[in-house]
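The values are calculated or read from the model by the stated rules, or taken from the named source; none is laboratory data. Owing to the predicted nature of the structure, the values given are computational and were not obtained by experimental measurement. Positions of Cβ are generated from backbone atoms using ideal geometry, with glycine treated the same way; all protein chains shown enter the neighbour counts. Areas reflect the complete protein model, heavy atoms only, side chains present, ligands, DNA and RNA absent. Shrake-Rupley method; radii C 1.70, N 1.55, O 1.52, S 1.80 Å.
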Amino acid sequence: MAIQILVNLILSVFWLFVTGSYNFNNFILGYLFALILVYIMRGVLPGRFYIITVYKIIKLFLVFLIELVKANVDVIRIVIKPHINNEPAFFTYNTDLKKDWQIALLSNLITLTPGTIVLGISDDRTKIYIHSIDFSTKEEEVESIKSSLEKVVREVGENE
């Protein structure tokens, strides 16, 4: 991916030299032409086409923002209630992620959402230990993490 970005930028600057016009609009035009060339050369360049990865990173960021807003609303509901009737609990989350950076990213995203914190990861990297401030059922908690955060973290890490 980094090589593709570098080739794209080099071709964009080369476009500026060829046209002799050194303004931002011409750079953007050169960047778009270079993007087409990088797409054509994707079989020669290593990794998948980098725009796909950029798209999936943006998607991860947006999914995290949605989860962050939902978690903030849940915590506000707990705080505003006159009587505390939430049920905090510890639970174990079994993950299918294999790469260390994916597990670390998922753990950080879980910790960054209000109301949950990752306490640790098992030695075999298959279990994440989580504390939740308001625990419904393990199935609901696991499904909410698996269907949102783990899904997009896995998509970012895919090679094809």
message = Which lysines, if any, have their Cα less than 27 Å from the Cα of Lys70, not counting same-chain residues under 8 positions apart?
response = Lys56, Lys59, Lys81, Lys127, Lys138, Lys146, Lys151
ask   = Comparing Leu112, Leu68, Leu29, which has the greatest mean-square fluctuation in the GNM of the chain with Cα pairs linked when under 10 Å apart?
value = Leu29
key: Label point distance in nm, Val156-Ile78, each placed 7 Å from Cα along Cα→Cβ   = 2.5 nm
inquiry  = Given the chain, report the % of alpha carbon pairs whose separation exceeds 24 Å.
reply    = 51 percent
key: Pair Thr92, Arg125: separation of 7 Å Cα→Cβ label points (nm)   = 1.9 nm
query = What is the list of residues in the stretch 40-70 whose amide nitrogen lies under 13 Å from a point 7 angstrom out from the Cα of Leu112, following Cα to Cβ?
reply = 57-69
query = When the helix-only estimate is applied to the chain (DSSP H runs of n ≥ 4, each -39,500 (n - 2.57), divided by the residue count), what is the mean residue ellipticity at 222 nm, nearest 500 deg cm²/dmol?
reply = -19500 deg cm²/dmol
request  = With a 1.4 Å probe and every protein chain kept in, tell me what percent of the accessible surface of the stretch 1-135 is carbon plus sulfur.
outcome  = 71 percent
key: Heavy atoms of Lys146 accessible to a 1.4 Å probe, total area in Å² rounded to 10   = 60 Å²
note = Hits for the chain under the membrane-span-like helix rule (DSSP H, Cα axial span at least 27 Å, Kyte-Doolittle mean at least -1.0) are 50-80
key: Solvent-accessible surface ranking, highest first, for Glu143, Glu150 at 1.4 angstrom   = Glu143, Glu150
ask   = At what distance in angstrom do the alpha carbon centres of the stretch 116-152 and the stretch 74-110 lie from each other?
value = 6 Å
query = Is the shape of the stretch 14-83 rounded, prolate or oblate, going by the alpha carbon gyration tensor and its root eigenvalues a ≥ b ≥ c, with a/c under 1.5 for rounded and a/b larger than b/c for prolate?
reply = oblate
ask   = Where a ≥ b ≥ c are the square roots of the eigenvalues of the C-alpha gyration tensor, would you call the stretch 74-119 rounded, which needs a/c under 1.5, or, failing that, prolate if a/b is larger than b/c, or oblate?
value = prolate
